[in-house]
Amino acid sequence: MKAIQLAQPGSLQVIQIAEPAAPGPGEALVRVHRVGICGTDYGGYLGKMPFFSYPRIPGHELGVEVIAVGEGVTSVAPGDRCSVEPYLNCQKCYSCRCGHTNCCEHNQTLGVMCDGGLAERYLLPARKLHVSRKLSYDQLALVETLAIGCHAVNRGNPSAGEHILVIGAGPIGLSAIEFARISGARTIVMDVNAARLAFVRQNLGVADTIQLMPGEEAAALVQLGTITNGQMADVVIDATGSNKSMAAALAYCAFGGRLVYVGITQAEITFPHAPLLHRRELTIMASRNALAPDFTRIIGLIEAGQINTVPWLTHRAAFDAVPEVFPTWLKPESGVIKAVVEVA
């Protein structure tokens with residue numbers, strides 16, 4: 001069967017691989033219909049993703065159909081449409097035993113540490129499949145992206161009446177914005193890209209946006225202060241993956257505020273301790289992956305119409321066209337919010 005392999009940074013190719021084995025106990029064989037492309041995939045293509053290894057079949061944002069199930073599987077059945085929770089946790093380490101399955105000590109994320117879903121068929125643990133009777137395969141492929149933002153907002157724990165600032169309006173930032181909005185907190189979005197901020201205002205209903213111009217960080221602080229009555233943001237979520245942005249984010253936090261890093265950087269993050277972290281008694285948190293209940297919640301929210309997925313999918317490509325089309329999605333002028341690959 002066909003698959004798409006990232007042989008090394010910058011080199012995607014369609015290859016032939018063996019068919020998956022029949023599902024064993026606890027497993028399900030699925031047909032892959034849609035694969036969403038995210039920053040992790042772009043980072044892998046550019047050689048900038050810290051957890052990526054090569055050669056690798058990418059793909060972890062999946063909308064799939066169950067073909068067959070193994071012994072003991074009752075949670076899904078052939079014909080079910082599912083989203084995939086792509087974090088393969090060991091179920092044995094301390095993190096897993098404590099319920100922190102998202103940061104399993106031996107985690108293998110599909111398409112990053114092990115081969116993923118850019119293939120026609122795939123064998124998965126059935127426990128990682130989340131069924132929907134209503135959502136399309138396009139929508140199911142969006143659930144994982146939304147789950148990253150959902151978990152990050154859960155970490156910050158905003159409440160109605162608070163201010164939450166999301167820095168970075170790429171796909172992960174957009175997913176955080178969705179759940180910031182649902183929390184009831186007053187949501188503010190900061191980005192360097194005016195087009196992204198316009199998308200947020202027009203499609204996500206966020207009125208308060210700040211364009212961060214290079215060298216004008218002080219002006220951004222003033223603008224945030226105006227929006228928050230001088231209090232700054234109770235919760236700040238940095239979704240940029242830029243160590244410079246992540247370091248600067250402390251200045252946007254209110255006294256007693258919470259800062260969540262959901263973007264990933266390989267660089268060091270440095271900031272002054274006394275005037276910011278200590279004086280304001282800030283809490284800094286990381287946010288990695290998501291939890292199974294996040295997937296269940298998101299599917300329900302989309303089914304109920306509380307999350308509109310229509311504006312998200314701006315680009316798509318047929319399976320065989322991916323090696324040619326993928327590099328074009330990296331160009332800012334392409335205007336990509338979320339690209340999806342049509343596998344079947």
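Potential lengthening of the chain between Ala267 and Met113 amounts to 53.4 nm, from the contour at 0.36 nm per residue minus the alpha-carbon distance. Which of the three applies to the range 23-149, rounded, prolate or oblate, going by the alpha-carbon gyration tensor with a ≥ b ≥ c and a/c under 1.5 meaning rounded? Oblate. With the convex hull of its Cα atoms as the shape, the range 124-184 has an orientation-averaged projected area of 5.3 nm².
Taking the longest Cα principal axis of the chain as reference, the axis of helix 292-303 is set at about 90 degrees.
Set the Förster radius R0 to 35 Å, insert the Cβ-Cβ distance between Val131 and Glu333 as r into 1/(1 + (r/R0)^6), and round the FRET efficiency to 0.05. The partial results should precede the final answer.
On the way: r = 39 Å, r/R0 = 1.11.
Plugging the Cβ-Cβ distance into 1/(1 + (r/R0)^6) gives 0.35.
Compute the acute angle (0 to 90°) between the alpha-carbon long axis of helix 194-203 and the principal axis of greatest extent of the alpha-carbon atoms of the chain; round to the nearest 10°. Tilt of helix 194-203: around 70 degrees. Within the range 149-286, the ratio Rg/Rh, alpha carbon atoms throughout and Rh by Kirkwood, equals 0.92.
Among His33, Leu6, Pro23, whose Cα projects farthest towards the positive end of the dipole of the range 1-66, with charges put on the beta-carbon of Lys, Arg (+1) and Asp, Glu (-1)? In the range 1-66, that residue is Leu6. Of the listed values [x] 1.04; [y] 0.99; [z] 1.10, grab the one calculated as Cα Rg over 2.2 N^0.38 Å from the structure here. After the calculation, the listed value that fits is [y].
When each of Phe199, Phe319 is scored by the number of other beta-carbon atoms lying within 10 Å, the sequence from fewest to most is Phe319, Phe199.
Dividing the mean sequence gap of close Cα pairs (under 8 Å, 6+ apart) by how many residues the range 149-286 holds gives a relative contact order of 23 percent. Placing unit charges on the Cβ atoms only, positive for Lys and Arg and negative for Asp and Glu, gives the range 149-286 a dipole magnitude near 140 debye about its Cα centre. Using only Cα atoms and rounding to the nearest 10 degrees, what angle (0 to 90) does helix 137-156 make with the longest principal axis of the chain? Between the helix axis and the principal axis of the chain, the angle is about 40 degrees. Among 215-222, 251-258, the peptide with the highest mean count of other Cβ atoms within 10 Å heads the list, and the full ranking is 251-258, 215-222.
Just from its helices, what would the mean residue ellipticity at 222 nm be for the chain, if runs of 4 or more DSSP H residues each count -39500 (n - 2.57) and the sum is divided by every residue, rounded to the nearest 500 deg cm²/dmol? Intermediate results must be reported in sequence, preceding the final value.
Numbers: 9 runs with 92 residues, N = 344.
So the calculated ellipticity at 222 nm is -8000 deg cm²/dmol.
Taken about its Cα centre, the chain carries a charge dipole of roughly 360 debye when the Cβ of each Lys and Arg holds +1 and the Cβ of each Asp and Glu holds -1.
Assuming 0.36 nm per residue, please report the length gained on full extension of the stretch Glu324 to Tyr94 beyond their Cα-Cα distance.
Full extension of this stretch gives 78.5 nm more.
Between the amide H of Val73 and those of Gly26, distances stay under 5 Å, these residues lying 5 or more places away or on another chain, with hydrogens modeled in the peptide plane. Each residue of the range 233-241 was assigned a 3J(HN,Hα) from its phi angle through the Karplus curve 6.51 cos²θ - 1.76 cosθ + 1.60 (θ = phi - 60°); the sequence is 9, 5, 10, 10, 10, 9, 10, 8, x Hz, with glycine and proline shown as x. For Lys48, a cut-off of 20 angstrom between C-alpha atoms picks up these lysines, skipping any fewer than 8 places away in its own chain: Lys244, Lys331, Lys338.
Taking 0.36 nm per residue of sequence separation and subtracting the Cα-Cα distance, how much length would be gained by fully extending the chain between Lys244 and Thr74, in nm to one decimal? Before the final figure, lay out each step's value.
Working: separation 170, 0.36 × 170 = 61.20 nm, distance 4.79 nm.
Extending this stretch completely gives an extra 56.4 nm.
Note on Glu19 and Thr314: their simple-model spin labels are 4.1 nm apart, each label 7 Å out from Cα toward Cβ.
Read-outs: derived from the displayed coordinates by stated rules, not from any lab. Here the structure is a predicted model, which is why all the values come from computation and not from measurement. Ideal geometry is used to build each Cβ from the backbone, glycine not excepted, and the neighbour counts take in all protein chains shown.
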